[in-house]
1. Quick check on this structure: which one of V154, V159 is part of a strand (DSSP E or B), over 21 Å from the mean Cα position of the chain (by Cα), crowded, with 19+ Cβ neighbours inside 10 Å and in the same structural domain as T204 (by TED's automatic domain parsing)?
2. Restricting the search to segment 435-449, which residues are outside any helix (DSSP H, G or I) and either surrounded by fewer than 19 Cβ atoms within 10 Å (Cβ to Cβ) or outside the structural domain of C421 (by TED's automatic domain parsing) (or both)?
3. If F226 satisfies all but one of (1) among the aromatic types (F, W, Y); (2) out of contact with any Phe, Trp or Tyr (no Cβ under 6 Å at 6 or more places or on another chain); (3) within 30 Å of Y342 (Cβ to Cβ), what's the number of the condition it fails?
4. Restricting to segment 124-151, what's the tally of residues that are aliphatic (A, V, I, L, M) and assigned to a strand (DSSP E or B)?
5. Considering each residue of segment 273-295, count those that are acidic (D, E) and either assigned by TED's automatic domain parsing to the domain that holds A116 or in contact (Cβ under 8 Å) with a residue 24 or more places away in the chain (or both), and give that number.
6. Among (1) modelled with pLDDT under 90; (2) over 22 Å from L185 (Cβ atoms), there is one condition K433 misses while meeting the rest; what is its number?
7. For a quick check of your reading of the model, give me the residue pairs whose first member lies in segment 184-210 and is more than 16 Å from W409 (Cα to Cα), whose second is in a loop (DSSP other than H, G, I, E, B) and polar (S, T, N, Q), with beta-carbon atoms closer than 6 Å and at least 6 apart or on different chains.
Amino acid sequence: MSLHKEKADILIIGTGLAAVTTALHIPSDLSVILVSKSELTETNSDLAQGGIASSYLEETSEAHKADTMFASNMTSCIERVDILTAEGRQTIEEMERFGVRFDRDGDGYDLGREGAHQTHRIFHAGGDETGRHVMRQLRRSLPDNVKVLEHVLVHDLVVWQGRVVGAMAFQREERIHIEAGAVVLATGGIGGLVDWTSNVRTVTGDGLVLANRCGAELTHLQRIQFHPTLLATEEPRLVTEALRGAGATLIDADGRHVMAHHLLGSLAPRDEVARVLTERNGPIYLDTTNVTRLHDRFPKLALTCDELGIDLRQIPVRPGLHFHMGGIEVDDMGRTGVDGLYAVGEVADTGVHGANRLASNSLLECWVFGKRVAQAIQLNDAPFTTSESLAYDISFEMFQELRSQIGNWLTISPNLEEMKCFLQNTQSLTLTKHVTRQLSEQTLLLDAARLLAQSILGMERHDEHDLSTRTTTTVFE
């Protein structure tokens, strides 16, 4: 098998908003390689519908900060939330300088409101296709010092004397070595570990495994958010929370408002809504009869419902895996505990989300902390050396069986026995030196699931409450 070599000052693994923001703010005299596991646009950022939360038009960021803390049940790091919301006030203006055009009405910005927000502060671009519009424009703005490589699976980081100096990967089926003075992990979350998710299928926790292997700390892996409203059809699709912010309500088959008991109604924090919907028997719908300009404000949803023959006035929904609040431990500049290794976006645990992420804070986090990582990067001057790679020696059929087991326990209320069974089954797998891209990809996914299972089981051993109580405050959102 042939070997291809690349070299750059900085390697960024990922092509979503966290990765692109970092690349946009790196000095132009430094060379950057941006790698995508699949197509350039196959990222969760491109799928983002809800928009970007910012107190840009408010007198201060204090209300946004308070809403973020409230949604997390006061488990977010208040100092990091202050950074997110205060520096996030400039995000809209900064993105506009790169050519992003946010939706406006006759009076200015056409702001939306989502769960647990006190006010309308969600900025959209292209209605419910904010992610696609923002990412398309920002990628167009990438400077000449940034080189993009697609279909690159990074399976190991290269460490020399405690410093990260590059990565080993496959570009399609070809082996590739990438030498770099610093590596930024922007690999996204864990949604692709299961089928019922709002995430792209390629987002499978790779960054967690890569960081763990080279000694970086992982924190709060058990903090997993389930979005209340995925389209309840054969293939899950996200139904943006902005729809509820525009007046839609969650009802049962008899037309009763299922969140009527909550002060915020259908706009209660995601963890509380998801729990209620999971515990109820029978179908749940979004009643959109009170939403004005539905087709104009939610064109993607309207088109999807039309294609599937779904009545846009009553949309069937159910919860699904959405966002990972835990991740790689970083400081407020995105530095990990390993020299030369940085993390940003969903793969990083910045502390801003706590046990439950406030709606539309994810894209904001990518922008605010992506800029910070770009400022903090320091390059290593060290030789590039390779080490032996290993992968689980299993057939694709056996891998699929193990992956289906993950879906049995990676749920809102984790099944501990299923989890233990998965760990036992994967513990006995044999390793091979004859590594292929397929084996590497399978190994990364299984190892990410193992890290999550071990974290959840570890929390259970140290928790005095029963699983359902713990789940509502830590494991689920």
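The values are calculated or read from the model by the stated rules, or taken from the named source; none is laboratory data. Predicted, not measured: the structure shown is a model, and the values here were computed from it. Ideal geometry is used to build each Cβ from the backbone, glycine not excepted, and the neighbour counts take in all protein chains shown.
1. V159
2. T436
3. The single condition F226 does not satisfy is (2).
4. Result for segment 124-151: 3.
5. 1
6. Condition not satisfied by K433: (1).
7. T202/S38; D206/T187; G207/T187
Results for (1) out of contact with any Gly (no Cβ under 9 Å at 6 or more places or on another chain); (2) outside the structural domain of V209 (by TED's automatic domain parsing); (3) within 23 Å of S440 (Cβ to Cβ), shown as yes or no for each residue.
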| site | (1), (2), (3) |
| --- | --- |
| E329 | no, no, no |
| A355 | yes, no, no |
| L364 | no, no, no |
| K371 | yes, no, no |
| D381 | no, yes, no |
